[in-house]
Amino acid sequence: MTRLVELEATGPRKLDPSDLDDEKGDIAVCQCGLSESFPFCDGSHQQTDGEESETTYVYENGERSVVDRVVTDE
Ligand code: FES
């Protein structure tokens with residue numbers, strides 16, 4: 001499975017000790033691209049349960065849709 005996500009950042013986010021989770025003592029970095037607290041995991045990855053391999057998805061307003069094809073202007 002793949003996911004189309006929109007990100008606006010144009011540079012890195014430097015992490016520091018204040019980013020540590022007070023309860024768990026770790027930093028969870030989002031790898032699914034769906035977190036509202038990006039670059040940190042907020043649990044939104046649970047929406048990806050049931051995604052199938054060889055399928056591309058887009059998530060908008062909490063809804064998951066299958067992408068048939070991606071067209072670029074090049
Ligand atoms: S990995 Fe993306 S929200 Fe958890």
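What to note about this one:
- For the chain, the convex hull spanned by the alpha carbon atoms encloses 128 Å³ per residue.
- Each of residue 53 and residue 70 was given a label point 7 Å from its Cα along the Cα-to-Cβ line. The distance between the two points is 1.9 nm.
- Probe 1.4 Å, accessible area per residue of the chain, Å²: 87
- Placing pseudo-labels 7 Å out from each Cα toward the beta carbon at residue 45 and residue 22 gives an inter-label distance of 2.4 nm.
The values are calculated or read from the model by the stated rules, or taken from the named source; none is laboratory data. Everything quoted here is computed from the prediction, not taken from an experiment. Cβ atoms come from the backbone with ideal geometry, glycine included; neighbour counts cover every protein chain shown. Each accessible area value is taken on the protein alone, full model and side chains, heavy atoms only, with ligands, DNA and RNA left out. Shrake-Rupley method; radii C 1.70, N 1.55, O 1.52, S 1.80 Å.
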